[in-house]
Amino acid sequence: MLFLGELATDQPRRVLDIGCGTGDIARRLAPLVEQVDAVDFSAGMIEAGRQLPGGAASNVRWIIGAVEDVQLEPPYALVTAGESLHWMDWQIALPRLADMLAPNGCVAIVGRDFGGPAAVRARIQPVLMRHSMVPWQEVDLLSELQQRDLFTLVGTRRFGPELWQPTVEDYLECRHSQRSFARSAMGEVAARAFDDELRRVLAELRGDGEIQCVSDRLQLRVETTLAWGRPHGTP
């Protein structure tokens, strides 16, 4: 997160976190910059973020709305997107972000890979595909944005793998922080079915020795990818 904060070089160091969900990025960036505007169209996700550690920080402003048309207060030294650009209208969102960036500002796309080794992915992926609230598809986001002349890539970094030791319930909540599995979108019945199936698969993976568990905590490895660049404005 420190490196991400260093991408905000213009003064004032104000950050816009789009599709923020529960604010995993926004809450951790807040101590490093002057202000973070955290935007998400789900009021439920915003409210959950307020209750989490760092969610009540005085320099975090929670905003309910879609980045394509919500009222914002540019300029921003940095725009962050954590696994959220997939669900936006790129033809509207990217030019708007370009207009809101400070002269040296950039958009940073953050991805987390906690799918695990191939054997684990093979068991969990079908569960995700069955329960996803949006059509499941693998998209090379950066390639798509560049092919459509919406984004110029400046740099990439990969961090990890780092040890992640969630409880099963922590793991489930992490999945629900992803827009495809947001509780507010799934509803109580669908979310419970998703949780039950994922718990069962995780238990099977532990029993088969594919996932280790120490003191009720899963032993997982997480990699973070960071790509940053400049979105293109309206021609």
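Taking each residue of the range 71-92 that is at positive phi and looking for partners that are modelled with pLDDT of 85 or more and hydrophobic (A, V, I, L, M, F, W, C) with beta-carbon atoms closer than 8 Å, six or more apart or interchain, yields E83/V110.
In the set I64, I92, only one residue is touching a Phe, Trp or Tyr at 6+ places or on another chain (Cβ under 8 Å) and either under 22 Å from L141 (Cα atoms) or among the β-branched types (V, I, T) (or both); that residue is I64. Return yes or no: is P117 more than 27 Å from T80 (Cα to Cα) and free of Cβ contacts under 8 Å to residues at least 40 places away in the same chain? Considered against the rule, which asks whether it is more than 27 Å from T80 (Cα to Cα) and free of Cβ contacts under 8 Å to residues at least 40 places away in the same chain, P117 comes out as no.
If you go through the range 1-55 and keep only what is aliphatic (A, V, I, L, M) and part of a helix (DSSP H, G or I), you end up with L2, L4, I25, A26, L29, A30, L32, A43, M45, I46, A48. Selection of the range 142-176 for residues being among the charged types (D, E, K, R) and closer than 24 Å to R221 by Cβ yields R157, R158, E162, E169, D170, E173, R175.
Annotation note: Cβ proximity below 7 Å between a residue of the range 39-50 that is farther than 17 Å from D69 by Cβ and a residue that is of a type in the set (F, W, Y) (sequence gap 6+ or interchain) occurs for G49/W62; R50/W62.
Candidates T22, T80: the one that is closer than 16 Å to V110 by Cα, β-branched (V, I, T) and at pLDDT below 95 is T22.
Which residues, counting only those in the range 31-43, are under 16 Å from the mean Cα position of the chain (by Cα) and not aromatic (F, W, Y)? Selection gives V36, D37, A38, V39, D40, S42.
Would you confirm, using the coordinates I've provided, whether D40 is buried (at least 16 other Cβ atoms within 10 Å of the Cβ) and of a type in the set (D, E, K, R)? Yes, satisfied. Beta carbons closer than 6 Å, at least 6 apart along the sequence or on distinct chains, pair a first residue in the range 132-149 that is closer than 30 Å to V189 by Cα and among the aromatic types (F, W, Y) with a second that is in a helix (DSSP H, G or I) and modelled with pLDDT of 90 or more for W136/M129.
The values are calculated or read from the model by the stated rules, or taken from the named source; none is laboratory data. Values in this document were obtained by computation on a predicted structure and should not be read as measured data. Note that we place each Cβ from the backbone using ideal geometry, even for glycine, and neighbour counts take in every protein chain shown.
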